Structure formats: structure tokens, C-alpha cells
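The values are calculated or read from the model by the stated rules, or taken from the named source; none is laboratory data. All values reported here derive from a predicted model rather than from experimental measurement. Neighbour counts run over all protein chains shown; Cβ positions are idealised from the backbone, glycine included.
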Amino acid sequence: MAPRWLTALAWIALIVGGLCAVGILADIYLAGFRQKMPIMEAVWPVNALYLGPLAVWLYVQYGRPMSKPWRDAHGDPPAKPRWATTTIGVLHCGAGCTLGDIIAETGVFLLAITIAGQAIWAEFIGDYVLALMLGIVFQFFAIAPMRGLGVGKGLVEAGKADFLSLTAFEVGLFGWMALMAFVFFPDPHLHPDTAVYWFLMQIGMALGFVTAYPVNAWLIRRGIKEAM
């Protein structure tokens, strides 16, 4: 069982992440800061679920300025520094990974799926497949409009852009999940019906963000992935 202090910390982190996501959604849809690229209206709040206040800061700095009300009031936003461009590219990947992992982790738990007696192997497979599928969708709605591509070509280019990025993201996440399962909580394992599980998954997502960053920087430099 997780200690009480960790459970309390987990609830605080999850509530903060949820409030940050809701705050971004409210700013977009209620305050009217709709994004120039509609897919970003999902990217920002989804990443706030694990990055919390950092995602809010990034949104205020680089998301809100891409809305029409902001540009009407302040003019064109300044050019983004290279690190911000790369960061937003990672956020695209992070959104697909986050949604895919939430769905897969929950599904594996509810259906009690195991491989070789361990749920974690089923989680790895489900996480990766769903994250890749959703990641390609997120990339498609970024790449296709920017390059003027049709559905078929757009999906191919989205797959090229997202495969390495998502794989690098999952390397960080899966490494952390292995530590969760075999080192920190080997017996009994944590399950998705606990706050601590999802708090540690927030940390895993943040580590995935770190491992995906250099790959995204390379993909953007090579022109494989669009600079956001």
C-alpha cells in the first residue's frame, strides 16, 4: 500500500493538473482565445493533465498569442525561440501519448488483461498502439493543413513525423512504469483505481517529454516534422 503522504501528494497533483486543464479550456472556449490551429485546442489542455502549471505558462506565452483576439489587441506575436518550437512539437506527441495511455491503462485494468501473468506487458502494448494511432491523428491535423495535403498523403507524413517522436516519448514513460511495477511497488502492484498510480504516471509522462525532446529537435531540423 502507498503511504498516506504519497496518497495526499497524489491527490494534490491530480487536482492541480485537472484544474490547469480546465483553466486552459475555459480560456479557449469561454474567454474566446480560440487557436489558429484547431488541434492545439486539444493539445494544450491534455498536456496540462501532467505538466500542470508549466503547461499553463507555455499556453499563456505561446498558445494564447496564436488566437485572433490576442493578435487583434497586440499584433503579430514575436517569433518563438527554437526551444519553444521544439517544446510545442513535443506537446503534440505528448497529447496523443497521454490520451492513448489513459485509455489503454484503464482498459487493461477493467478487462483484467495480463501477458505472462503480468499486466504491465499488456499495458505496454496497449499504450504504444493507442498512443501511436492518436499521435498520428494529432500530427495529421497539424501537418496536413500546413502543407496542404490530402488524407492519404497527410497520414503518411504524420506517421513519419510521429513514429520516432512517440517512440522516444514512450521510452521514458515505459522505463518509469517498469520501475513502478518492479522496484517501487512490486508486491502488491499499484492499479489505475488509485490516485498514486496516476500521480506516478504524471511523472512518467514528464519523463517521456524529456526523452522525446531531442528527437523532436532533430525531426524539426531535418524538416520531417513541422516547426509549430
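Things to note:
- Filter pass, Tyr197 being hydroxyl-bearing (Ser, Thr, Tyr) and closer than 16 Å to Glu123 by Cβ: yes
- Residues located in region 7-40, provided they are at pLDDT below 95 and in a helix (DSSP H, G or I): Met40
- Enumeration of residues in region 126-141 that are under 14 Å from Met40 (Cβ atoms) and among the aliphatic types (A, V, I, L, M): Val137
- Restricting region 47-83 to residues that are of a type in the set (S, T, N, Q) and assigned to a helix (DSSP H, G or I), the residue that is farthest from Thr98 (Cα to Cα): Gln61
- Boolean, Pro53 is surrounded by fewer than 16 Cβ atoms within 10 Å (Cβ to Cβ), at pLDDT below 90 and farther than 15 Å from Ala212 by Cβ: no
- The helices (runs of 4 or more DSSP H) falling completely within region 106-225 that include 1 or more residues that are more than 20 Å from the chain's Cα centre (by Cα), buried (at least 18 other Cβ atoms within 10 Å of the Cβ) and of a type in the set (A, V, I, L, M, F, W, C) map to 119-147.
- Whenever a residue of region 81-107 is within 22 Å of Gln61 (Cβ to Cβ) and in contact (Cβ under 8 Å) with a residue 60 or more places away in the chain, its partners that are buried (at least 21 other Cβ atoms within 10 Å of the Cβ) and basic (Lys, Arg), lying with C-beta atoms within less than 7 angstrom and at least six residues away or across chains, give the pairs Gly89/Lys225.
Residues are listed down the side, and each one gets a yes or a no for (1) in contact (Cβ under 8 Å) with a residue 40 or more places away in the chain; (2) within 24 Å of Thr106 (Cα to Cα); (3) of a type in the set (Asp, Glu):
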{"site": "Asp162", "(1), (2), (3)": "yes, yes, yes"}
{"site": "Met180", "(1), (2), (3)": "no, yes, no"}
{"site": "His189", "(1), (2), (3)": "yes, yes, no"}
{"site": "Phe209", "(1), (2), (3)": "yes, yes, no"}
{"site": "Asn216", "(1), (2), (3)": "yes, no, no"}
